[in-house]
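S.K.: Sharing a structure below in structure tokens format, with a few things to ask.
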């Protein structure tokens, strides 16, 4: 069961990189700052390095603040990952940007409540996690809007040659964003594996072994290197027609929000932050430039994530325990 958990955690990690790579490189590719393959490889490098740099605050939040530790079993963790992976595969196939963070939280809630009951949920920790998940897109939109307005104020009279400068800077912001994303999202996989090691009696206290960090970093980097092309089309052109200034502003805003949340231990969705950031950058130039219908489709998917993954995880838990018994 522990081996199954580790394999599923790394599959989730891979899908996380596959899905979220779109949000990081879509604007870089659309603005022609980089070609697709170099953009993905640069992002994959940042994703691999990120988990080693910024601590394990997010992993500790998921491991200790959401559920009563005594109720966390290998069966609960496996069922939670099945729910999260199933949702990730569905949204990847449909090309709809989704939140792996929401999916994992929903899976953990559904499986744990089915196993023990609603009393297993630590309400203060749940509120902290939900606040990070739902406030981060708003912060991403607002920060990107302000950055874009500031850029237009400072460089509004510049010639078109300034686009070349924005394209060069985008390479740096994309790599920075990959570092912060690898740190925040890689820690979710680390947290699940460490919880499994604790439940199996292989660890006495919460600590992240080096091999877990290496495994999580490798999984998310490999997923990123493959690239979620369906989501790239959505983020790179369906929301707004991305120009270098939009790509730079949205990526800078995303890096600030994701890094800040990671240092504070708040799990966030990079896809949501970047998607809302693209909307903010477009709205800063002209509100009707944004195809808000696409945003409504993404919002619907985001709102469905936690209840849907919770239901799948709940069913998976009952099937798993019945099979084992």
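S.K.: What is the residue count in region 150-168 for residues that are surrounded by fewer than 17 Cβ atoms within 10 Å (Cβ to Cβ) and modelled with pLDDT of 85 or more?
M.R.: 3
S.K.: Then there's this: Consider residue 71 carefully, then state whether it is at pLDDT below 75 and over 19 Å from residue 305 (Cβ atoms).
M.R.: Working: at pLDDT below 75: no; over 19 Å from residue 305 (Cβ atoms): yes.
No; evaluated as a whole, the condition is false for this residue.
S.K.: Which of the following residues is in contact (Cβ under 8 Å) with a residue 40 or more places away in the chain, closer than 23 Å to residue 9 by Cα, out of contact with any strand residue (DSSP E or B) (no Cβ under 9 Å at 6 or more places or on another chain) and part of a helix (DSSP H, G or I): 131, 111?
M.R.: Answer to the selection: 111.
S.K.: When residue 121 is evaluated against the numbered criteria (1) at pLDDT 90 or above; (2) over 23 Å from the mean Cα position of the chain (by Cα); (3) buried (at least 17 other Cβ atoms within 10 Å of the Cβ), which criterion, by number, is the only one it fails?
M.R.: (2)
S.K.: Let me ask something else about it. If residue 55 satisfies every condition in (1) at pLDDT 85 or above; (2) at positive phi but one, which is the exception?
M.R.: (1)
S.K.: When residues of region 50-63 are filtered for being part of a helix (DSSP H, G or I) and surrounded by 17 or more Cβ atoms within 10 Å (Cβ to Cβ), how many remain? Can you show your working first?
M.R.: Quick first cut of region 50-63, residues part of a helix (DSSP H, G or I) only: 50-52, 57-63.
Right, trim to surrounded by 17 or more Cβ atoms within 10 Å (Cβ to Cβ) and you get 50-51, 57-63.
Number of matching residues: 9.
S.K.: To continue, here is another question. Go through region 262-291 residue by residue and tally those that are in contact (Cβ under 8 Å) with a residue 12 or more places away in the chain and more than 18 Å from the chain's Cα centre (by Cα). Full working, then the answer.
M.R.: Within region 262-291, the first condition is being in contact (Cβ under 8 Å) with a residue 12 or more places away in the chain, and the residues that meet it are 262-285, 289-291.
Then keep just the ones that are more than 18 Å from the chain's Cα centre (by Cα); that gives 280-285, 289-291.
Final tally of qualifying residues: 9.
S.K.: Residue 225 - would you say it is farther than 14 Å from residue 17 by Cβ, surrounded by fewer than 24 Cβ atoms within 10 Å (Cβ to Cβ) and out of contact with any strand residue (DSSP E or B) (no Cβ under 9 Å at 6 or more places or on another chain)? If you could, list the steps in order and put the result at the bottom.
M.R.: Working: farther than 14 Å from residue 17 by Cβ: no; surrounded by fewer than 24 Cβ atoms within 10 Å (Cβ to Cβ): yes; out of contact with any strand residue (DSSP E or B) (no Cβ under 9 Å at 6 or more places or on another chain): yes.
So residue 225 does not fit the description; no.
S.K.: Only one of 18, 42, 10, 104 is modelled with pLDDT of 80 or more, over 16 Å from the mean Cα position of the chain (by Cα) and assigned to a helix (DSSP H, G or I). Can you tell me which?
M.R.: On the way: 18 fails: over 16 Å from the mean Cα position of the chain (by Cα); 10 fails: over 16 Å from the mean Cα position of the chain (by Cα); 104 fails: over 16 Å from the mean Cα position of the chain (by Cα).
Unique residue meeting the criteria: 42.
S.K.: So which pairs qualify, if the first residue must be in region 171-187 and at negative phi, the second must be surrounded by 24 or more Cβ atoms within 10 Å (Cβ to Cβ) and outside any helix (DSSP H, G or I), the Cβ gap must be under 7 Å, and the two must be at least 6 apart or on different chains?
M.R.: From residues that are at negative phi, the pairs are 171/33; 184/267; 184/268.
S.K.: The conditions are (1) more than 26 Å from residue 250 (Cβ to Cβ); (2) in a helix (DSSP H, G or I), and residue 179 fails exactly one of them. Which is it?
M.R.: Result: residue 179 fails condition (1) only.
S.K.: To continue, here is another question. Collect the residues in region 21-39 that are farther than 23 Å from residue 265 by Cα and part of a helix (DSSP H, G or I), keeping them in residue-number order.
M.R.: Initially, region 21-39 is screened for residues farther than 23 Å from residue 265 by Cα, giving 22, 25-39.
Within region 21-39, 22, 25, 26, 27, 28, 29, 30, 36, 37, 38, 39 meet the criteria.
The values are calculated or read from the model by the stated rules, or taken from the named source; none is laboratory data. Quick caveat: nothing in here was measured; it's all calculated off a predicted structure. Every residue, glycine as well, gets a Cβ built from its backbone with ideal geometry; the counts of neighbours run over all protein chains shown.
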